[in-house]
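Notes follow the structure.
None of the figures in this text is laboratory data; all of them are computed from the coordinates on show. Bear in mind the structure is a predicted one, so any value in this text is a computation, not a measurement. FYI the Cβ positions are ideal-geometry reconstructions off the backbone, even for glycines, and counts take in every protein chain you see.
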Ligand SMILES: [Zn+2]
């Protein structure tokens, strides 16, 4: 079945969604806020109008499905960061809605299930909805997570009328694959003039807290040779780690310090303590291991040089998510069917697809972001790109449905 997607109808829905929590040219729809819930109820209404079986589950996931026994999941999120953009997440959900609408109207053996996954952005807990869908939800333990205003997730679910509602779960018998269309949120596609990014991996992330401990002393009277300066050690550490990481030629790797802390934090006192986070990402666990080793080597060298103590503790660890090669090929072929230029690339940002990749064949596509800007009200993409994303995703659904129908394994 060739899906007769209607780009104008998709764009109209995307703009209608952007009116919920509008801030200038962007939106503010923090997960489970009143306006976020209003947008979710609007989405349920749009799904029902399309003839889908729609509901909101116990963590706020919006689920709309066709009646088929086997379904392709198409998802993303409609929550945003504070003062965020109108396309981050929304694009994938609304493309899914448009495709499901066509599948519902046109028939076929394979159905579609559209997901707006709750709290991708981590207002309470990052990837809350996709993790609950894939891995389950423990209301008691996970409900204790709090937002910046101090409200707990349990309280928010209660306020939103969701407490006690069942949480939807992945069903390997019914769910064939997970697809997500998303804006790139970076500059690569635009700079290279490519229309569609074919995502191969979502980078893994590690963050260590590195601390140097020296001795506070007078900055005027203590000879340089007798100081135990924690800040000096940290600065040398940071510069040398950066240099060492640059030698990781070829592999995709990015690293960041971003925040410095020192005590007692006075310009006339030698620091007794200095610490910083070191956060790094790569598409290869082996590279993350290498950087981990460099952190230790460089911290030890700096500590030795400045006669201070050092320690490092792991604060965050997110494994690399490998998207499915066969399903990814289908998305790339779908783009080629439509004469869209493509680039295989990793995603440097986290996405709901990460939660699904461990459980069923998962693929993602990117469309270009204007100026590479995202998590900002200035976030935008050309209308032609939005439509291109919809068309390629629909074509991928056609291809995957056909493969599933003829009994070929899609992964
Ligand atoms: Zn997103």
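By the helix-only formula, in which each DSSP H run with n ≥ 4 contributes -39500 (n - 2.57) and the sum is divided by residues, the chain has a 222 nm mean residue ellipticity of -11500 deg cm²/dmol. Taking Cα atoms only, the orientation of helix 285-306 departs from the longest principal axis of the chain by about 20 degrees. Each 10 Å bin from zero holds the following percent of Cα-Cα pairs in the chain: 5, 21, 28, 22, 13, 7, 3, 1, 0.
The mean sequence separation of alpha-carbon pairs under 8 Å and at least six residues apart, normalised by the residue count of the chain, gives a relative contact order of 21 percent.
Taking 0.36 nm per residue of separation and subtracting the current Cα-Cα distance, fully stretching the chain between residue 384 and residue 23 would add 127.6 nm. Of the beta bridges in the chain, as assigned by DSSP with both residues counted there, near 70 percent are antiparallel. Measuring between their Cα centroids, the range 217-240 and the range 257-278 lie 11 Å from each other. Ordering 227-238, 132-143, 22-33 by mean Cβ neighbour count within 10 Å, with the highest value first, yields 227-238, 22-33, 132-143.
Quickly rank 87-96, 255-264, 393-402 as a protection proxy: mean count of other C-beta atoms within 10 Å, highest first.
The packing order, highest mean first, is 87-96, 393-402, 255-264.
Helix 7-18 versus the longest principal axis of the chain: what angle, 0 to 90°, nearest 10, using Cα atoms? Once rounded, one gets 50 degrees.
Cα centroid separation, the range 34-71 to the range 166-212: 22 Å. Diagonalising the gyration tensor over the Cα atoms of the range 315-411 and scaling each eigenvalue by 5 before taking the square root yields semi-axes of 24, 21, 10 Å, largest first. Convex hull volume per residue, computed on the Cα atoms of the range 215-313, equals 88 Å³. When only alpha carbons are used to place a centre, the range 123-152 and the range 15-31 end up 22 Å from one another. Take the range 68-186, compute every pairwise Cα distance, and split them into 5 Å bins from 0; I just need the percent in each bin. For the range 68-186, the pair-distance distribution reads 2, 11, 17, 21, 18, 16, 10, 4, 1, 0.
The calculated FRET efficiency for residue 38 paired with residue 109, based on their beta-carbon distance and R0 = 35 Å, is about 0.45.
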